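The values are calculated or read from the model by the stated rules, or taken from the named source; none is laboratory data. This is a predicted model, so every value here is computed, not measured. Because the Cβ atoms are built from the backbone with ideal geometry, glycine has one as well, and the counts that use them run over all protein chains shown.
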Amino acid sequence: MSGSLGGSGVFTYTGRTALVTGASRNIGRAIALALGARGIAVGVNARTSAEDAQAVREEIVKNGGRAEVVLGDIGTPEGCADVVARTAAALGPVDYLISNAATRRFQTYMEISPEDWDVTIRENLSALFYLGREVLPGMAERGFGRVIALGGPDGYLGWHHRAANVTAKAGLTGLVKAISFEFGYSGVTANIVVPGHTDTTRSKVNYPSHMTEVDGFPKGSPVRVIQRLGTSEELADACAYLASDQASYITGQSLHVDGGLVMR
């Protein structure tokens, strides 16, 4: 299989099936379409957005690819197992895991309830752990696998009124490194793609009063070098590269696609 990355070159793909969580819209949708265009069969996961997920599937199929809608909640171990099993039954064993689905709340430290904390950690961090338990043994046995998590700049910078999300996103860094160490011997890589402020439906919701938008950017945002919002397609291209055979020597890394928001 092969595919172009932003028109700049051709990359090859060994695996057959991808599972993209939160794939019905925004960044997840763009990733699903990008992988489908590169000849990879795509499990289009969403929790409840069946109509949007079906639209993604139809676009992949219209362009000659293969895809199936896999509705399910990845916030529980049982939900993760079910989503992976149904993807494999429909399309084959998962070779590419893109953990994109997430939740985010704007709350002060003292406003976060135990329930809010647990949901945020489960959906932003534990989901990758439980999904990994379902797909990593098979990847190791086949000698190939790609694990890509969507991170967040708050996991590197910190952020006000987002303690639970900051903690979960920071935890992804450690979990991805652990996966890299334990499964790298078998041809599996694990990396994080970190968006900056991206032009998505979520970016257009009303911010709390302390984060009123100014010229498209939340007030108080750290300075970025490239003064514009990123696009979902730019993030999808980064994921497509990390999924390729040519990225086989890259693992345990965080790729910031953020216009210079985080420089490390």
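Table for the structure above
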quantity: Filter result for the condition that a residue is of a type in the set (Ser, Thr, Tyr), over 21 Å from Val42 (Cα atoms) and touching a residue at least 12 places away in the same chain (Cβ under 8 Å), over Tyr156, Tyr130; calculated: Tyr156
quantity: Conditions (1) hydroxyl-bearing (Ser, Thr, Tyr); (2) over 13 Å from the mean Cα position of the chain (by Cα); (3) farther than 26 Å from Trp159 by Cβ: number failed by Tyr109; calculated: (3)
quantity: Residue among Arg86, Arg122, Arg105 that is surrounded by fewer than 18 Cβ atoms within 10 Å (Cβ to Cβ), out of contact with any Phe, Trp or Tyr (no Cβ under 8 Å at 6 or more places or on another chain), at negative phi and among the charged types (D, E, K, R); calculated: Arg105
quantity: Test: residue in region 163-179 that is out of contact with any strand residue (DSSP E or B) (no Cβ under 7 Å at 6 or more places or on another chain), without any contact (Cβ under 8 Å) to a residue 40 or more places away in the chain, not in a helix (DSSP H, G or I) and not aliphatic (A, V, I, L, M); calculated: no
quantity: Region 215-247, residues that are at pLDDT 80 or above, touching a Leu at 6+ places or on another chain (Cβ under 6 Å) and charged (D, E, K, R); calculated: Asp237
quantity: Total residues in region 50-79, condition in contact with a strand residue (DSSP E or B) (Cβ under 8 Å, 6 or more places away or on another chain), surrounded by fewer than 19 Cβ atoms within 10 Å (Cβ to Cβ) and either assigned to a strand (DSSP E or B) or not aliphatic (A, V, I, L, M) (or both); calculated: 4
quantity: Residues satisfying the stated conditions in region 237-253, i.e. more than 17 Å from Gly15 (Cβ to Cβ) and among the hydrophobic types (A, V, I, L, M, F, W, C); calculated: Ala238
quantity: Subset of region 89-106 (residues that are over 19 Å from the mean Cα position of the chain (by Cα) and among the hydrophobic types (A, V, I, L, M, F, W, C)); calculated: Ala89, Ala90, Leu91, Phe106
quantity: The lone exception for Arg146 - which of (1) out of contact with any Lys or Arg (no Cβ under 7 Å at 6 or more places or on another chain); (2) in contact (Cβ under 8 Å) with a residue 60 or more places away in the chain; (3) part of a helix (DSSP H, G or I) it fails; calculated: (3)
quantity: Residue match in region 248-261 (condition: of a type in the set (Gly, Ala, Ser), at pLDDT below 55 and outside any loop (DSSP other than H, G, I, E, B)); calculated: no
quantity: Filter result for the condition that a residue is at pLDDT 95 or above, hydrophobic (A, V, I, L, M, F, W, C) and assigned to a helix (DSSP H, G or I), over Ala18, Ala34, Ala23; calculated: Ala34
quantity: Close pairs (8 angstrom Cβ cut-off, 6 or more residues apart or separate chains): touching a residue at least 24 places away in the same chain (Cβ under 8 Å) and over 13 Å from Ser99 (Cα atoms) in region 14-33, crowded, with 24+ Cβ neighbours inside 10 Å and of a type in the set (Ser, Thr, Tyr) anywhere; calculated: Gly15/Tyr96; Thr17/Thr87; Thr17/Tyr96
quantity: Lone unmet requirement of (1) of a type outside the set (Lys, Arg); (2) under 28 Å from His197 (Cβ atoms); (3) touching a helix residue (DSSP H, G or I) at 6+ places or on another chain (Cβ under 8 Å) for Val94; calculated: (2)
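Matching residues to (1) modelled with pLDDT under 95; (2) assigned to a helix (DSSP H, G or I):
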{"position": "Ala81", "(1), (2)": "no, yes"}
{"position": "Ala89", "(1), (2)": "no, yes"}
{"position": "Ala102", "(1), (2)": "yes, no"}
{"position": "Asp118", "(1), (2)": "no, yes"}
{"position": "Leu125", "(1), (2)": "no, yes"}
{"position": "Leu128", "(1), (2)": "no, yes"}
{"position": "Met139", "(1), (2)": "no, yes"}
{"position": "Tyr156", "(1), (2)": "yes, yes"}
